[in-house]
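Below is one structure, written out as structure tokens; the observations come after it.
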């Protein structure tokens, strides 16, 4: 698996190289290098490193919006007070991706573009209605994250396109969000995960967002369960129906981390626990 | 009150400074001049005939120096049943089978070349579980045995059984009887340092093997036999052991990769290194055997055990290594954990097309203590007796002889159980099944602790060789693999001889310079090494003190003469000449003096000075010193057919308990605390001893809750740490209370017992018993995953 | 075709020629000859290869060597003083029994060094969380956590 390694000096050069058949992009490399080593992916003639491009690593907090450069390492994102304070589900998810060593180099864009069904950053970003910026020699476009994942390892990126940033609208202060996940041990890929974001107003649920990981070919929004919960009061019957709907939306598989049955059970537990015993004003 | 100067005192390990600074040299770090790298081409099928092997593409690759197969090398048979071959000729029986190998200038080229070898197969139907393999007419893994005689079935020809007392009478005397089938999975030892070796030949045909082994001398024997196959009869193998990145049983047998390195080195005339990467370690090294056990146990109306009946079936995999002899160790707890008079034990080891198996810490004991200790709780539940009380009632006692003929000398089991219960607040916590779903459970352990005789000698030799500077070099044939053997040796030699531990230097294990040792396994390392060291140190000390009669007065007179030049000097108010005449010499802490002497430097002779004065004697010929000793424990090689024989010089006992909390919605088990109380005979170095227990506990937790090598038709599905999960520091984040019970065993060095394994053994049943106490669900197959618990909860409803 | 690579290795400038696809681990072990950093898995799970790049712990098995260009890389060998004395952290591992077989130890020490540089007085839970990417099969982690706790306490005392 010998290949050339080129540290790109500019975004323009990266766009040009990304369009070539003999090149592949590398950011933090924590997934890609393992895939190459295990021959789960053919080695290209050249890896083009974009991890040090300042345009891709900046994290900018604007009014109501956080723009995270696609190549910002997870550790940098976690260090942002705005993430911890306003986007708790994202902070909870990023904190359990790999180890410290991994988070120091792994990037948010890498976690998303790798398009693993269990990518932990995806469910919280989905419930925060994040969008992704994709750019290449052909121009720049924005896409809701919910339209980005097409299948395991497959995304809406066009040939030559690079994810440049992830934009996260900051939820209103009254919104509540949480990320739940189970894995066999602390350092493991998720068996199943669920992010939840909602508001509780006058005892009624509003702006409900649910997104699950590791239970379908892609991270996915649970829209049927969301619609059911919209406008309803939290009680056991409401939650039971939501769980039933959520279980109908996911398509888990059996693998060495758990059976489809167990994954489905976990999603139900996560969903109930996200809402159970929560009151207005809870963070 | 410690009667010793160094024994029993927390002491830093002598190998630690090199390890924390990156200086310790593992097989990974060693490169020899001119060295080539070997790589192996493994099978693409679990069971197939080899039709054709085409190595031409591999040979053409630049940098390749040799490509070998069974067709261009002599046949080298391996394994104690000789049923395995270094390179396979006609048939492959597992995915791990070695078909060809390459030596090349670097590891990448070697692996690339190995991948270029084309093999044509005729696939054969395989058998992938003992159940499949035992069906009448099942495909045969081996059509013939090593002597070429036709085989009729897939049963491995080894027998371990035991029948004592009157089983039927025991059953009739039972008020309560429980029965259950328990399973343990295939797991990987998971040494942090992967396996590897370097083979090189001298010009006379002698082999030097730098090997990650726990059995340097048995390996020497195996390799000398292999040299015969190369036409090098009478040539010798020197086995040198580098720092080991863990052992845990992986090094208990010689491996095909080592013979392949030997063949490549012989073919190329250059040193050849083979180093497994992690994926190869998982897929192509022998893991811990899976097994199932059916157990029946009964008790009378008071809870006294009436009988125990066990049938074990083990999946041996395609070839036979020491994993097949796990039942030899299972016999110990099966017959002797708690008092039970009527015992039946049968085992069946079955060939399959799965990977073949090997030893791991505990060697059969965890596999059988899992059913025994789970079943004790089931029996107690049925009889309406507190399981702790049932254990105490049937507790082993010092001085008893068990049905296997084990002579229990010292036995701290009762105290271990009582202290475990006390630490867990047992009487208060047990049986509450409150809303928090918390529960407590315990399990006991018996383990060989004074060697484990499975070979015609279970002994260990040692050489102590002082130098001119007051250091004593120790040559010992056992292996330091992280467990703290060198620390135990340093303390023992220092204590027994009367010098300081930092002046004890333990040499690298090397068959050329160390006396014979059977191997480092069965918790025997410190017990054997230190017993041998005490014997040798006594001999050495006696000789040194004989010389003291000449040297001491001479050195003291000289020192006094020098001191008298100072006006302030006062003659000592002590008749040291008289004490010396009476031979009242003392060597302690590296200082020779006479009994009762005041602590004056003039009356003290430094150990190094003593040695130099003897070596470079003023008048007459001097001498240097070296003393050896061989310790053979007073044990018996059991009759395996009958399962009788006192295989160890003493036995370790212990008890462990846990408190758990179970999440009934997810099935997750949280360990709130763990108690481990072990009868260790005597503590040599508290730090390393506790390190052994903590480490064994973590392996026990892994075995109980997380680990399993998953296979599909013989192929390993999770060959790496991404998919095979060891406990991390976070899983081990609960409080652990380790307590050591000292029973001062008469056969142990300073009273010590071997303690490497026991901490692993009762961990799983203690957890399963606690889960039952918490939620009333019993899990009978390891690992105990949340999914299994949730499923069991659902099925109960 | 080898390419030049210059970086600060344990405080000293080094200039190497490496294969473009070399990992930082290869650069350290095979090109710079520092074998203290170990390879335990090659896939970022075991942490035996942990080194610090510009003060941050990384898995050198997943770190392209060329990304170290111009960086400051610290390995376990670099913790030892110029006179050969062990650092306080290494000494704590010696005294508390933090090393058994020792293969994971260089990575453990480096992860601990990174932790203590960010958090001088970590709780036991914080220590364990910081070690989640460092597997050990010998110690059960108890005495490793104790080593790091002792090093932190000693450093804390020295400061106050």
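Is it the case, given these coordinates, that residue C:83 is under 12 Å from the mean Cα position of the chain (by Cα) and free of Cβ contacts under 8 Å to residues at least 24 places away in the same chain?
no
Only one of these conditions is not met by residue B:348: (1) crowded, with 22+ Cβ neighbours inside 10 Å; (2) within 30 Å of residue B:98 (Cα to Cα). Which number is it?
Exception for residue B:348: condition (1).
From the list B:34, B:8, exactly one residue is away from every other protein chain (no Cβ under 14 Å), within 25 Å of the chain's Cα centre (by Cα) and on the phi > 0 side of the Ramachandran plot. Which is it?
Exactly one of B:34, B:8 is away from every other protein chain (no Cβ under 14 Å), within 25 Å of the chain's Cα centre (by Cα) and on the phi > 0 side of the Ramachandran plot, namely B:8.
When residues of the stretch A:5-34 are filtered for being closer than 21 Å to residue C:65 by Cβ and crowded, with 16+ Cβ neighbours inside 10 Å, how many remain?
Number of matching residues: 18.
Suppose the filter is surrounded by 21 or more Cβ atoms within 10 Å (Cβ to Cβ), assigned by TED's automatic domain parsing to the domain that holds residue B:442 and closer than 18 Å to residue B:672 by Cβ; does residue B:786 pass it?
Yes, satisfied.
In the stretch B:188-215, what residues are part of a loop (DSSP other than H, G, I, E, B) and under 13 Å from residue B:28 (Cβ atoms)?
B:191, B:192, B:193, B:194, B:195, B:212 - these are the residues of the stretch B:188-215 that are part of a loop (DSSP other than H, G, I, E, B) and under 13 Å from residue B:28 (Cβ atoms).
In this structure, does residue B:587 turn out to be buried (at least 16 other Cβ atoms within 10 Å of the Cβ) and farther than 29 Å from residue B:533 by Cα?
No; evaluated as a whole, the condition is false for this residue.
Among the strands (runs of 3 or more DSSP E) lying completely within the stretch B:640-752, list those that include at least 2 residues that are over 20 Å from the mean Cα position of the chain (by Cα) and farther than 25 Å from residue B:524 by Cα.
Strands (runs of 3 or more DSSP E) meeting the threshold: B:651-662, B:669-679.
Does the stretch B:760-777 include one or more residues that are closer than 22 Å to residue B:487 by Cβ and within 14 Å of another protein chain (Cβ to nearest Cβ)?
yes
Please report, ordered by residue number, the helices (runs of 4 or more DSSP H) entirely within the stretch B:400-508 with at least 1 residues that are in contact (Cβ under 8 Å) with a residue 24 or more places away in the chain and under 25 Å from the mean Cα position of the chain (by Cα).
Once the helices (runs of 4 or more DSSP H) in the stretch B:400-508 are filtered for at least 1 residues that are in contact (Cβ under 8 Å) with a residue 24 or more places away in the chain and under 25 Å from the mean Cα position of the chain (by Cα), what remains is B:413-424, B:485-497.
In the stretch A:49-65, which residue that is in a loop (DSSP other than H, G, I, E, B) and touching a strand residue (DSSP E or B) at 6+ places or on another chain (Cβ under 9 Å) is farthest from the other protein chains (Cβ to nearest Cβ)?
It comes out as A:64.
Restricting the search to the stretch B:21-42, which residues are in contact (Cβ under 8 Å) with a residue 60 or more places away in the chain, buried (at least 21 other Cβ atoms within 10 Å of the Cβ) and not in a strand (DSSP E or B)?
Within the stretch B:21-42, B:24, B:27, B:28 meet the criteria.
Can you find even one residue in the stretch B:297-312 that is in contact with a helix residue (DSSP H, G or I) (Cβ under 7 Å, 6 or more places away or on another chain) and either outside the structural domain of residue B:645 (by TED's automatic domain parsing) or within 17 Å of residue B:521 (Cβ to Cβ) (or both)?
no
Let's see how each residue does on (1) closer than 30 Å to residue C:41 by Cα; (2) in contact with a strand residue (DSSP E or B) (Cβ under 6 Å, 6 or more places away or on another chain):
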position: A:21; (1), (2): no, no
position: A:27; (1), (2): yes, yes
position: A:47; (1), (2): yes, yes
position: A:71; (1), (2): yes, yes
position: A:79; (1), (2): yes, no
position: A:83; (1), (2): no, no
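Counting just the residues of the stretch C:1-19 that are away from chain B (no Cβ under 14 Å) and part of a loop (DSSP other than H, G, I, E, B), which one comes out farthest from residue A:101 (Cα to Cα)?
Out of the qualifying residues, it is C:1.
Kindly indicate the residue of the stretch C:32-64 that is more than 9 Å from every other protein chain (Cβ to nearest Cβ), free of Cβ contacts under 8 Å to residues at least 24 places away in the same chain and in contact with a strand residue (DSSP E or B) (Cβ under 9 Å, 6 or more places away or on another chain) and also nearest to residue A:36 (Cα to Cα) among those meeting that condition.
Top of the filtered list is C:32.
Hey, can you tell me all the residues within the stretch C:110-131 that are away from chain A (no Cβ under 14 Å) and either touching a residue at least 12 places away in the same chain (Cβ under 8 Å) or surrounded by 24 or more Cβ atoms within 10 Å (Cβ to Cβ) (or both)?
Scanning the stretch C:110-131 gives C:120, C:121, C:124.
Please verify whether residue B:682 is over 24 Å from residue A:184 (Cβ atoms) and surrounded by fewer than 24 Cβ atoms within 10 Å (Cβ to Cβ), treating the condition exactly as stated.
Yes: the conditions hold for residue B:682.
When the residues of the stretch B:313-323 are narrowed to those that are modelled with pLDDT of 95 or more and out of contact with any helix residue (DSSP H, G or I) (no Cβ under 7 Å at 6 or more places or on another chain), which ends up nearest to residue B:85 (Cα to Cα)?
Applying the filter and picking the extreme gives B:319.
Going by what's in this entry, would residue B:234 be described as within 14 Å of chain C (Cβ to nearest Cβ) and either buried (at least 20 other Cβ atoms within 10 Å of the Cβ) or touching a helix residue (DSSP H, G or I) at 6+ places or on another chain (Cβ under 9 Å) (or both)?
no
Taking the stated definitions as given, is residue C:107 within 14 Å of chain B (Cβ to nearest Cβ) and free of Cβ contacts under 8 Å to residues at least 24 places away in the same chain?
Considered against the rule, which asks whether it is within 14 Å of chain B (Cβ to nearest Cβ) and free of Cβ contacts under 8 Å to residues at least 24 places away in the same chain, residue C:107 comes out as no.
Looking at B:626, B:704, which is the one that is away from chain C (no Cβ under 14 Å) and either in contact with a helix residue (DSSP H, G or I) (Cβ under 9 Å, 6 or more places away or on another chain) or crowded, with 22+ Cβ neighbours inside 10 Å (or both)?
B:626
Among residues belonging to the stretch A:76-86 that are surrounded by 19 or more Cβ atoms within 10 Å (Cβ to Cβ) and in contact with a helix residue (DSSP H, G or I) (Cβ under 7 Å, 6 or more places away or on another chain), point out the one that is farthest from residue C:112 (Cα to Cα). So that I can check it myself, show each step before the final result.
Residues of the stretch A:76-86 that are surrounded by 19 or more Cβ atoms within 10 Å (Cβ to Cβ), as a first pass: A:76-77, A:83, A:86.
Subsequent filtering for residues that are in contact with a helix residue (DSSP H, G or I) (Cβ under 7 Å, 6 or more places away or on another chain) retains A:77, A:83.
Details: A:77: 22, A:83: 26 Å.
Within the stretch A:76-86, the match that is farthest from residue C:112 (Cα to Cα) is A:83.
Can you work out which of the residues in the stretch B:492-526 that are touching a strand residue (DSSP E or B) at 6+ places or on another chain (Cβ under 8 Å) and under 20 Å from residue B:588 (Cβ atoms) is surrounded by the most Cβ atoms within 10 Å (Cβ to Cβ)? Please lay out each step first, then the result.
Initial filter on the stretch B:492-526 (touching a strand residue (DSSP E or B) at 6+ places or on another chain (Cβ under 8 Å)): B:493-494, B:497-499, B:503-518, B:522-524.
Checking the rest, the ones that are also under 20 Å from residue B:588 (Cβ atoms) come to B:493-494, B:497-499, B:503-505.
Numbers: B:493: 30, B:494: 26, B:497: 26, B:498: 20, B:499: 26, B:503: 19, B:504: 26, B:505: 15.
Selected residue: B:493.
Scan (1) away from chain C (no Cβ under 14 Å); (2) touching a residue at least 40 places away in the same chain (Cβ under 8 Å); (3) closer than 23 Å to residue B:182 by Cα; (4) touching a strand residue (DSSP E or B) at 6+ places or on another chain (Cβ under 9 Å) for the single condition residue B:710 breaks and write down its number.
So residue B:710 meets the others, but not (2).
Can you give me the number of residues within the stretch C:132-160 that are without any contact (Cβ under 8 Å) to a residue 24 or more places away in the chain, buried (at least 21 other Cβ atoms within 10 Å of the Cβ) and farther than 18 Å from residue B:483 by Cβ?
Counting residues in the stretch C:132-160 that are without any contact (Cβ under 8 Å) to a residue 24 or more places away in the chain, buried (at least 21 other Cβ atoms within 10 Å of the Cβ) and farther than 18 Å from residue B:483 by Cβ gives 2.
The values are calculated or read from the model by the stated rules, or taken from the named source; none is laboratory data. Since the structure is predicted, the reported quantities are computational estimates derived from the model, not experimental observations. When we count neighbours, we look across all protein chains shown, and the Cβ atoms used for this are built from the backbone with ideal geometry, even at glycine.
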